[in-house]
Amino acid sequence: MDVHIRDLRYFVAVAEELNFTKAAARVFVSQPALSKQIGQLETHLRTELFHRDRRGVTLTPDGEVLLPSARGILAEWDTANRTLADALRQRSRTLTVGFHTRIGRGLIPGVTADMARTEPDRRLHFRQISWADPTVGLADDTVDIAVAWLPLPDTTRFGFQVVAREDRWVALPLHHRLAARPSIPFAELAAEPVVALPATAGPLRDFWLATDHRTVAPVIAAETETAEETFEAIAAGLGIALVAEGNTHIYDSPDVVFRPVTGIAPSELAVVWRADDHRPILRTFVSACTRCLCGPSAQSAATS
């Protein structure tokens, strides 16, 4: 049975980080899942690749032998994958747009109409991506471009244009003790159980937990991979969650109450693309989004 490229990528991440937790964040998987995959790779190769003890992780002699070859295989595969992906993109008339939460805000019909005027032979395909992938499908070429909430996991790999800034609100179970309040200071929410994004969401999880505004660690009541799962968990009374103001209308529910939160910074919605993807159609899409959400004056500033 052949080794998967994914397994080599996991191996190289651990070999370079020498820390399973950091390596897991780098490849966007949980630490237990990464440990399991490395264990299976060692079983398949019939040798240990890492020494593990209380002091940390080190490569075994066999791990040292495998590392340069694994790096070479990954480099060759990445080059081949990019070459093929570029060829497919040039031929494709479909632009696949990733998103985590429903976009709403009139953006999809507005951008679709705008693109139909400027690029009549192009078709837009919108694809929802799990919160577990903080790159919204860009890292593995699942999508061409994304409409996503900041922050990004790696600003060197992606370009972005902010198209909306919205205050953060809180979603509460219907009968929550704070539900009758017209607005709520974040300090009064800090001890509440929270429905969180998965750990692999990285800085995006921290942002929606408002980690930089906390004096104590959040109490995680549940982790969810989609917005729909989040609001189901809130409706069931498992916890609360911060949301963008615009999403309070999109996810309106009789079992969930939305209230403004004071004392924290607003959220930013952006159009995001791979930094090495310079196709003109991407700029056309960004311009269409900017026109729809920011108006002509912002569009002029964005393209100047």
### Query
Using helices alone, what [θ] at 222 nm do you get for the chain, with -39,500 (n - 2.57) per DSSP H run of 4 or more residues, divided over all residues and rounded to the nearest 500?
-12500 deg cm²/dmol
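Counting alpha carbon pairs within less than 8 Å and at least 6 residues apart, what relative contact order, in whole percent, applies to the stretch 88-157?
Relative contact order comes out at 44 percent.
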#### Entry: Rounded FRET efficiency, nearest 0.05, which uses the C-beta distance separating W77 from K36 and R0 of 25 Å
0.65
### Gain in span if fully extended, T60 to R102, counting 0.36 nm per residue against the direct Cα distance
10.4 nm
### R123, R205, R93, R105, ranked by accessible area, largest first (probe 1.4 Å)
R123, R93, R105, R205
### Query
What does the charge dipole of the chain about its Cα centre add up to, to the nearest 20 debye, if the Cβ of each Lys and Arg holds +1 and the Cβ of each Asp and Glu holds -1?
560
### Query
When all alpha-carbon pairs of the chain are counted, what percent fall beyond 30 Å?
44
### Query
Put +1 on the Cβ of each Lys and Arg and -1 on the Cβ of each Asp and Glu in the chain; which of A180, A196, S30 then has its Cα farthest toward the positive end of the dipole?
A180
### Message
Can you give me the Rg/Rh ratio for the stretch 176-304, using Cα atoms for both radii and the Kirkwood formula for Rh?
### Response
1.04
## Note on the structure
Rounded to the nearest 0.05, FRET efficiency between D167 and R283 (Cβ-Cβ, R0 30 Å) equals 0.55
### Query
Taking the stretch 24-141 on its own, what percent of its Cα-Cα pair distances exceed 24 Å?
52
### ³J(HN,Hα) computed for each position of the stretch 18-31 - Karplus, 6.51 cos²θ - 1.76 cosθ + 1.60, integer Hz, glycine/proline x
6, 7, 5, 5, 5, 5, 4, 5, 5, 9, 6, 10, 6, 4
## Note on the structure
As a percent rounded to 5, the proportion of antiparallel DSSP bridges among beta bridges in the stretch 134-275 is 75
### Task
Please list, in chain and number order, the residues 5+ apart from V170 or on another chain whose amide H is under 5 Å from its amide H, with Hs placed from the backbone.
V243, R259, V261
### Summary
Taking a crude spin-label model, label points 7 Å out from Cα along the C-beta direction, the L45 to D206 distance in nm is 3.1
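If you take the square roots of the eigenvalues of the alpha-carbon gyration tensor of the stretch 97-252 and sort them as a ≥ b ≥ c, do you get rounded (a/c under 1.5), prolate (a/b over b/c) or oblate?
Verdict is prolate for the stretch 97-252.
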### Query
Projected area of the stretch 97-166, taken from the Cα convex hull and averaged over every viewing direction, in nm²?
5.2
### Task
Mind pulling the per residue volume of the convex hull built on the Cα atoms of the stretch 211-280? Å³ is fine.
157
#### Entry: Span from the the stretch 200-247 Cα centroid across to the the stretch 45-109 one, whole angstrom
27
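The values are calculated or read from the model by the stated rules, or taken from the named source; none is laboratory data. Please read all numbers here as calculations on a predicted model, not as lab measurements. Because the Cβ atoms are built from the backbone with ideal geometry, glycine has one as well, and the counts that use them run over all protein chains shown. SASA here: full protein model, heavy atoms, side chains in, ligands and nucleic acids out. Shrake-Rupley method; radii C 1.70, N 1.55, O 1.52, S 1.80 Å.
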